[in-house]
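Input: a single structure, listed below in structure tokens.
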Amino acid sequence: PHWPVAECALLLKLWLVLTVRVVSLGVSGGTASGKTTVCDMIIQQLHDHRVVLVNQDSFYRGLTAEESASAQDYNFDHPDAFDTEQLLECMGQLKRALPVNVPIYDFKNHRRCSERFRKVNASDVIILEGILVFHDQRVRNLMDMKIFVDTDADIRLARRIRRDTVERGRDVSSVLDQYGRFVKPAFDDFVLPSKKYADVIIPRGGDNHVAIDLIVQHIRTKLGMHDLCKVFRNVFVVQSTFQI
Ligand code: ADP
Ligand code: C5P
């Protein structure tokens, strides 16, 4: 029988290119639950791979001068506080293994550093971390694995007071006021309901070494499969280039 070799080759090539993807992880949880700490521990263990961390915080909309003047009344914990379209665009590029410029956000002034970006290069693993990364279905769909860091609210509040007073230029009274008016209600309305989308729930965050080891093992298995695909793809491309 006559096989349309050229067409078959093209289809196979296309299939191989499409199946070789990066592994993407979403890490969510309440404020100061230990999301960044967990991500850093995963990245440390995957030191032999190219891993990039993207923070949802980078996609906060910058406040106007008027909004800044009454920033204490602004709800930074509502999904509308983020530019999700831009986040989707950046993640889409990274998933296609293309480099992107990620905005840099300034928590002290509630603004983006308009002239500065963080250049993020193509990687084997992308980790997207943030309080609301499981809220939007389109963002959820980008993730191969979803992790929720589950830490008691009192521990999170204590950490938040320490962090925001030391690193984000706030005083204790403003942190407590914001927590009661916005952070806790938004956690109950948006963050906690999104926990049901998680594949893995990590109690105690960065203290849970067993959970982190298991997650790293799973990522390594996925990366191994991708490496195998890459080998097949390369062999096939070489063969078809030289018409072996
Ligand atoms: P998130 O990214 O969820 O906001 P972080 O990982 O940045 O949380 O942690 C918030 C604060 O709590 C940081 O100051 C961090 O050093 C501290 N922290 C995180 N995990 C632990 C832990 N297991 N024990 C003690 N402090 C922690
Ligand atoms: O790092 P973490 O997950 O805690 O960051 C999210 C938190 O940052 C939100 O709970 C929000 O209240 C806070 N935030 C803030 N000021 C901003 C932007 C975000 O306090 N300008």
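Note on His49 and Asp189: their simple-model spin labels are 3.7 nm apart, each label 7 Å out from Cα toward Cβ.
Solvent-accessible surface of the chain, averaged per residue with a 1.4 angstrom probe and all protein chains in place: 55 square angstrom. By DSSP, the beta bridges lying fully in region 19-242 are antiparallel in about 25 percent of cases. Of the solvent-accessible surface of region 19-242, computed with a 1.4 Å probe over protein heavy atoms with every protein chain present, carbon and sulfur atoms account for 52 percent. Taking the DSSP beta bridges with both ends in region 1-148, the antiparallel portion is around 35 percent.
A simple spin-label model places the labels of Asn141 and Phe117 2.5 nm from each other, with each point 7 Å out along Cα-to-Cβ. In degrees between 0 and 90, to the nearest 10, how far off the longest principal axis of the chain does helix 84-95 point, with axes built from Cα atoms? Helix 84-95 sits roughly 30 degrees off the main axis of the chain. For the chain, the gyration tensor built on C-alpha atoms gives a prolate shape. Its axis ratio a/c (a ≥ b ≥ c) is at least 1.5, and a/b is the larger of a/b and b/c. Simple spin-label estimate for Val166 and Leu12 gives 5.8 nm between the two label positions (7 Å along the Cα-to-Cβ direction from each Cα).
For region 161-169, putting each phi into the Karplus relation 6.51 cos²θ - 1.76 cosθ + 1.60 with θ = phi - 60° gives couplings of 4, 4, 5, 5, 6, 7, 9, 10, x Hz, in residue order, rounded to whole numbers and with x for Gly and Pro. Amide H to amide H distances under 5 Å link Val27 with Leu128, Glu129, Gly130, Ile147, where only residues 5 or more positions off or on other chains count and H is placed in the peptide plane. Residues whose amide H falls under 5 Å from that of Asp150, counting only those 5 or more places apart or on a different chain, are Ile202, Arg204, Gly205, with hydrogens built in the peptide plane. The listed residues Phe117, Phe148, Phe190, once ranked by accessible area (1.4 Å probe) with the largest placed first, stand as Phe117, Phe190, Phe148.
The values are calculated or read from the model by the stated rules, or taken from the named source; none is laboratory data. As the structure is a prediction and not an experimental result, all values here were calculated from the model. Cβ coordinates were reconstructed from backbone atoms using ideal geometry, including for glycine residues, and neighbour counts include every protein chain displayed. For the accessible areas, the whole protein counts, side chains as well, though only heavy atoms, and no ligand, DNA or RNA atoms are used. Shrake-Rupley method; radii C 1.70, N 1.55, O 1.52, S 1.80 Å.
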